[in-house]
Each structure stands twice: as C-alpha cells, then as structure tokens.
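Reading through the structure tokens given below for one structure.
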Amino acid sequence: MKILNYYVIVFFLQFVIVLGYCHVGYSLIANNPFAMSNAKIKNVKGTTSDGKFLIELEYSPEQAKKGQVTFLRIDLFDNLMNNQTRLRHVDCDLIIEKDNIGLFKLSSKYGESVFHAMSGTFLASYQFNETGIYKISVELVGVNFIPITPVFASFNVAVPANSSENLSISLAS
C-alpha cells in the first residue's frame with residue numbers, strides 16, 4: 001500500500017509540473033503575434049558586415065513598451081546579385097546586449113553553442129525591462145552545414161523612458 005501511495009504522489013507531482021510548463025508555454029504561444037493573422041508587425045532589414053546575407057527582423061507588438069514581452073522573428077536570406085533567396089540550415093545566434101553586457105543569447109537558452117535554423121527563420125521573445133539603447137545582433141557561423149567566417153548584422157533598440165512612447169528598432173550604424 002505504501003508503494004502505491006508513493007507512485008500516486010510522484011505521478012501527481014509530475015502532472016502538476018507538466019501542467020505548469022504547459023500553461024507558461026501556452027500563454028507565450030497564444031500571445032505570439034506571428035501566429036495571428038490580424039497582428040500588426042513592424043520590420044527592419046539589414047545586411048551582414050560582408051554584405052552577403054540579408055537579415056529581416058520583424059517585431060511585435062507594433063506598440064511595444066518597456067516591461068512588455070517583445071516577439072521577434074528573424075528571416076535569413078542570401079543577398080548576392082540582388083537575388084534574395086532564403087537560406088537553409090543556418091547555424092546562427094541572436095544576442096541581446098545593453099552597455100556591452102550580454103543579456104540574452106538564444107543558443108544558451110537551449111544549452112547549445114549555436115542555434116540551427118533549418119528553414120532560415122527563427123522566433124524569439126525578450127522583455128526589455130530598462131530604458132536605454134539595446135543592441136540586437138544576429139550572428140551567422142554556418143550555412144547548409146558548411147562553416148563560414150562569422151558575420152553579424154546588428155540592430156539598435158531604443159526603449160524610451162516615457163511609458164507613452166513605443167520602443168523602436170533600427171539598423172545599427
């Protein structure tokens with residue numbers, strides 16, 4: 001009887017833990033603007049330092065504010081000869097910094113050294129909790145399973161002090 005009680009308790013605790021993870025995951029999925037057809041999405045484009053790759057960074061909500069989760073979608077394209085072809089099997093990373101201090105690295109979230117974007121697209125979310133200028137960098141280190149010299153495209157994120165103003169993302173100079 002004691003063994004049965006033990007298994008019931010263990011099963012119940014595992015059920016509660018899984019339910020908690022599902023709730024958190026579902027809330028992010030349910031609020032993800034890239035899954036909704038009527039969401040307002042803003043975008044900014046930039047090329048890597050060598051000009052070979054085009055990075056399109058989309059973000060939502062359109063009126064993103066400090067302390068609110070901002071959803072990001074990054075699309076990666078080949079930018080040679082004005083032929084913007086979607087890249088496949090890209091080893092890359094998304095890095096967010098403020099004052100040259102790393103705050104977020106997508107690959108670290110998954111315990112990997114790089115993130116593999118099979119379709120040349122990946123999603124992330126981040127909550128900008130402080131005002132000021134943040135830097136979002138997209139790093140590419142491999143394309144089609146072939147390592148390349150790492151290249152970056154960087155974007156500036158301005159988080160205003162005034163709560164009535166929205167954050168803005170622009171190409172870093």
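Shown are D75, D50, D91, whose ranking by accessible area with a 1.4 Å probe and every protein chain present, most to least, is D50, D91, D75.
The alpha carbon centroids of the range 119-150 and the range 52-112 are separated by 4 Å. Across the range 88-100, computed HN-Hα scalar couplings (Karplus, 6.51 cos²θ - 1.76 cosθ + 1.60, θ = phi - 60°) run 10, 6, 9, 8, 8, 7, 10, 10, 10, 10, 9, 6, 6 Hz from first to last residue, x flagging Gly and Pro.
Pairs spanning more than 22 Å between alpha-carbon atoms, out of K42/K109; K40/K109; K65/K135; K52/K98; K42/K66; K109/K135: K42/K109; K40/K109; K52/K98. In summary, the aspartates and glutamates within cross-link reach of K105, defined as a Cα separation below 19 angstrom excluding same-chain residues under 8 places away, comprise E56, E58, D75, D91, D93, E97, E130, E139.
The values are calculated or read from the model by the stated rules, or taken from the named source; none is laboratory data. What you are looking at is a predicted structure, and each value in this text was computed from that prediction instead of being measured. Accessible surface is based on the protein model in full, side chains and every heavy atom, while ligands, DNA and RNA are left aside. Shrake-Rupley method; radii C 1.70, N 1.55, O 1.52, S 1.80 Å.
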